[in-house]
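**Q** Here it is, the structure in full.
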Amino acid sequence: MIQSPAITRERNGKPSILVVDDLPDQIRNEIAGEFGDKANLEVLHPSDMEASDLARADLVLVDYKLEHWPKRDDQKTVFKIQTGLALAAVLRELLDEAEPALSASTSTSGSGSQPTHLTSVALHTQFLDEAKGRIRLPGSSACHVLARLNNLEWTFEKGDASRIKQMLILARSTRRLPAEWPNNAGDSDAQARDLLGLENDVAWYGRCWRDVRECQPPIHELAGGAGGVLFLRWLLHQILPFPSFLWDEHWVAARLRLQVDDLRRLLKSDNELRRDLSSRKYSGLLEDFLGDRWWRGAIEDYAWELADGSSGDSKPFRETLLEKAGENLKLVELDRPVVCLDENLQPSSRFASPSEAVNVRPDHWPAFADSAWMRISTVTDVPEMRAIVDPLDDYRLPTLE
């Protein structure tokens, strides 16, 4: 039985990652070189884990398939840990029990440092379809939805080329979390703003902070000893994958009436538009975990500035935008272009007018996120998408024969 010792960790420094796998030698050989010297990596079989191994880790990665585990198989009970999801649940419970004791043990250390004792737990598997079971989700959504439904921070696919980078970002972000979330409402708000990297001296601060609050961050009633983990999960599961107070390149391009490919190219070259957008980019916790994000309020403020108070389709808006881009671009010629989801519920680079699209309500789409749209043609071509169309838009769909 793994106990929960008191082990301190300095807040800054190289993150520690523990990989729990039933084929540790094979996995160690496969990924050690990918991490290099960017993390303290430890790969262990479930039977070989000690309490100190778990407590030291900033991130615990648990393999889904646990087929080579003789000590488990020898147990004379039906209540055996069969999969990584079950093991991760046990480890999460042990960590949650340990965190209050760890906080207490370091509160009088007198070192003057700010140790963090929070740990993230994630699934690491090449069997994502099997792990999600009967949940009908495209692979692009399964990583965060499967994690949310199983009390985990994330789900990593072993074949995903970006997973090492994401693991490092998640481990480093976990180290940044406070050991104990502030109880005072004002201090709690300040802690959230600090983690989000939202400075109060920018022109769009008020608008952005209001947008954050509308997305129900778990910083008051749910805050406490492990409040930082809940805040981290809120970002991972409900904010970064969706358009809310943060926008990815699709929503930024649509608001500025740029083609997505043009925006990507402009962001890689030297021009005034890139510099303006850079100052409005999100740089807080989990920065770049799912790619670049921008503050929605800052982009709205910028679009208003470009238009000089006129509409977003005005002549001043277009002229100023092209001047800042430094080239003559073909802007999107649609009435209020909207980002549409494709049949895999991912944003498409092909924008639509609201007259060409309907609102949809995917099960996992947060109520506070921006409206989700889908082209009427997509719903027609993929009939199963009809089930998620907003009932108020049903009348706009062609009748099924």
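**Q** So in the stretch 269-314, with the set limited to residues that are open to solvent by less than 30 Å² (accessible area, probe 1.4 Å) and polar (S, T, N, Q), which one is nearest to T155 (Cα to Cα)?
**A** Filtering the stretch 269-314 for residues that are open to solvent by less than 30 Å² (accessible area, probe 1.4 Å) and polar (S, T, N, Q), the one nearest to T155 (Cα to Cα) comes out as N271.
**Q** Need a quick list: helices (runs of 4 or more DSSP H) entirely within the stretch 162-230 having at least 1 residues that are open to solvent by 10 Å² or more (accessible area, probe 1.4 Å) and touching a residue at least 40 places away in the same chain (Cβ under 8 Å).
**A** By residue number, 163-176, 205-214.
**Q** Condition first: assigned to a loop (DSSP other than H, G, I, E, B), open to solvent by less than 30 Å² (accessible area, probe 1.4 Å) and more than 26 Å from R210 (Cα to Cα). Now tell me which residues in the stretch 318-344 satisfy that.
**A** L329, L331, V332
**Q** Hey, another quick one. Among the residues of the stretch 389-401, is any within 30 Å of L149 (Cβ to Cβ), β-branched (V, I, T), open to solvent by less than 50 Å² (accessible area, probe 1.4 Å) and in contact with a helix residue (DSSP H, G or I) (Cβ under 7 Å, 6 or more places away or on another chain)?
**A** Yes, the stretch 389-401 has at least one match.
**Q** Any idea which residue in the stretch 144-161 is farthest from L230 (Cα to Cα), counting only those that are open to solvent by 20 Å² or more (accessible area, probe 1.4 Å) and not aliphatic (A, V, I, L, M)?
**A** G159
**Q** Do we have any residue at all in the stretch 247-257 that's hydrophobic (A, V, I, L, M, F, W, C), farther than 24 Å from S314 by Cα and in contact with a Phe, Trp or Tyr (Cβ under 9 Å, 6 or more places away or on another chain)?
**A** For the stretch 247-257, residues hydrophobic (A, V, I, L, M, F, W, C), farther than 24 Å from S314 by Cα and in contact with a Phe, Trp or Tyr (Cβ under 9 Å, 6 or more places away or on another chain): absent.
**Q** Given the structure, is A122 surrounded by 14 or more Cβ atoms within 10 Å (Cβ to Cβ), modelled with pLDDT under 90 and touching a strand residue (DSSP E or B) at 6+ places or on another chain (Cβ under 9 Å)?
**A** It is false that A122 is surrounded by 14 or more Cβ atoms within 10 Å (Cβ to Cβ), modelled with pLDDT under 90 and touching a strand residue (DSSP E or B) at 6+ places or on another chain (Cβ under 9 Å).
**Q** Among the residues of the stretch 353-374, are any within 30 Å of R210 (Cβ to Cβ), of a type in the set (D, E) and surrounded by fewer than 18 Cβ atoms within 10 Å (Cβ to Cβ)?
**A** yes
**Q** Regarding I239, is this residue under 23 Å from S120 (Cα atoms), among the β-branched types (V, I, T) and modelled with pLDDT of 95 or more?
**A** yes
**Q** Follow-up question, since we're still on this one. Being loosely packed, with under 14 Cβ neighbours inside 10 Å, closer than 19 Å to R175 by Cα and of a type outside the set (S, T, N, Q) is the filter here; which residues of the stretch 37-59 pass it?
**A** D37
The values are calculated or read from the model by the stated rules, or taken from the named source; none is laboratory data. These numbers come from a predicted model, not from an experiment. Positions of Cβ are generated from backbone atoms using ideal geometry, with glycine treated the same way; all protein chains shown enter the neighbour counts. Accessible surface areas use protein heavy atoms only, side chains included; no ligands, DNA or RNA. Shrake-Rupley method; radii C 1.70, N 1.55, O 1.52, S 1.80 Å.
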